[in-house]
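A short write-up of the structure that comes next.
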Amino acid sequence: MPHLFPHYLRLGFALACAPLVFAHQVDQTQLIAKMTDRANALLESLNEEKREAALIPFGNDERENFHYVPLDRQGALYKNMTAVQRANTLQLLHTALSDSGSMKAVQIMQLESILAEIENDPERRDPEKYWIAIFGTPGELPWGWRFEGHHLSVNQTITQHGISGTPLFMGANPGKVLNGPHKGKRVLADAEDRGRKFLLSLSPEQQKRAIIAQKAIREIKTGQHSLVEPLADEGIPYSALNEDQQRALEFLVRHYLNRHETEISEAARQRIDDHGWQNLMFAWAGPTEVAEGHYYRIQGPTFVIEYANTQNDANHHHTTYRDFENDFGRDTLREHYRHSH
């Protein structure tokens, strides 16, 4: 079994060699230290076989292999872990996600048990078929990690210029549990309800601009592509909203940002500040009624948030937050290597 340096020695060495210079004004030093500590605690709790599965070189193409469908991943399988290893995995996950984001993640995993009953397929729909992968060496910049499985993909990249927390995907099937002891449960209810509430707050003339199609776009348009570009510039612009509506749109955006831990969500918000909230566009496709398939997105110069609910009689949610420049830390990595060489 390879020797692992104590967390504080590894982190101290990294900080001494590459002082943290954040590309934003949010100090993430303590969060990065905590994330490093949790990642090393997880690795130290794994046996040699699991550790070998979990550790992947930072430069490996697998780091940008982004999926949210039920297929096997590279990494250490949560299902095969001990109670201590699972706890360490969830503690690492919680360094990236807020309390509410972490709760959503666990509930998304639990929905697999309900799908297993609905589809009578417990092997494919398994709440423990999620994988953790560590890219590079925690504390030696750059490094990163991913927790991923059906309807959940959390990607973190850490450089001396900060943390990139995208892509972030969360889905829910069923969107609303229709039967059994969890009947009525809606894991991503706020994403649906707040999006519709914002649309319905618009005047009829504003809705004509916001609704880009009478039929829902079937799926999020960024899909499972590792590299995404801005979508069509359509919908209603921020500048066409009154002050209350502008605040409501900002509130909807922050709902998605706040799935992340505070230091990550605040850096993302500041990135939007820098590029101007006035440059946002909101677009909706499909009917406005509940239980009818629908889609919406919020797009700015550097990011897009997408929501789709069209499958399974409009009871199957997909939500994603993508950064055109900094998914998988691409932008901060460019800065990292530019300053390192």
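The residue list ALA191, ALA213 contains one member that is buried (at least 16 other Cβ atoms within 10 Å of the Cβ) and within 30 Å of GLU243 (Cβ to Cβ), which is ALA191.
The set of residues from segment 216-247 being crowded, with 18+ Cβ neighbours inside 10 Å, more than 12 Å from GLN299 (Cα to Cα) and without any contact (Cβ under 8 Å) to a residue 60 or more places away in the chain comprises LEU241, GLN245. Selection of segment 260-286 for residues being within 21 Å of LEU241 (Cβ to Cβ) and acidic (Asp, Glu) yields ASP273, ASP274. Out of LEU141, LEU152, LEU178, one residue alone is in contact (Cβ under 8 Å) with a residue 12 or more places away in the chain and under 24 Å from ARG254 (Cα atoms). It is LEU152. For segment 281-306, the set of residues classified as of a type outside the set (D, E, K, R), crowded, with 24+ Cβ neighbours inside 10 Å and within 15 Å of the chain's Cα centre (by Cα) consists of PHE303, ILE305, listed by residue number.
Specify the residue that is surrounded by the most Cβ atoms within 10 Å (Cβ to Cβ); the eligible residues are those in segment 133-187 that are among the β-branched types (Val, Ile, Thr) and farther than 27 Å from GLN270 by Cα. First the steps, then the outcome.
So the first thing to find is which residues in segment 133-187 are among the β-branched types (Val, Ile, Thr), and the list is 134, 137, 154, 157-159, 163, 166, 177, 187.
With farther than 27 Å from GLN270 by Cα added as a condition, the list becomes 134, 137, 177, 187.
Details: ILE134: 23, THR137: 20, VAL177: 18, VAL187: 25.
The selected residue is VAL187.
Does ALA87 satisfy the criteria of being aliphatic (A, V, I, L, M) and farther than 23 Å from GLU335 by Cα? Considered against the rule, which asks whether it is aliphatic (A, V, I, L, M) and farther than 23 Å from GLU335 by Cα, ALA87 comes out as yes. Of the residues that make up segment 80-92, is at least one farther than 28 Å from LEU227 by Cα and among the charged types (D, E, K, R)? There is at least one residue in segment 80-92 that is farther than 28 Å from LEU227 by Cα and among the charged types (D, E, K, R).
Evaluating GLN160 against the criteria (1) at pLDDT 95 or above; (2) assigned by TED's automatic domain parsing to the domain that holds ALA76; (3) among the polar types (S, T, N, Q) leaves one unmet condition, (1).
Of the strands (runs of 3 or more DSSP E) that lie entirely inside segment 153-235, those containing 3 or more residues that are of a type outside the set (S, T, N, Q) span 168-172, 211-213.
Does GLN91 satisfy being in the same structural domain as LYS50 (by TED's automatic domain parsing) and out of contact with any helix residue (DSSP H, G or I) (no Cβ under 6 Å at 6 or more places or on another chain)? So GLN91 fails the test. Taking segment 60-80 as the range and being surrounded by fewer than 20 Cβ atoms within 10 Å (Cβ to Cβ), free of Cβ contacts under 8 Å to residues at least 60 places away in the same chain and farther than 24 Å from GLY180 by Cβ as the test, the residues that pass are ASP61, LEU71, ASP72, GLN74, LEU77, ASN80.
When segment 24-43 is filtered for residues that are of a type in the set (A, V, I, L, M) and assigned to a helix (DSSP H, G or I), the ones remaining, listed by number, are LEU31, ILE32, ALA33, MET35, ALA39, ALA41, LEU42, LEU43. Tallying residues that are buried (at least 19 other Cβ atoms within 10 Å of the Cβ) and of a type outside the set (Asp, Glu) within segment 110-132 yields 9.
The values are calculated or read from the model by the stated rules, or taken from the named source; none is laboratory data. Quick caveat, the model's predicted, so the values are computed rather than measured. Every residue, glycine among them, receives a Cβ derived from its backbone with ideal geometry; neighbour counts consider all protein chains shown.
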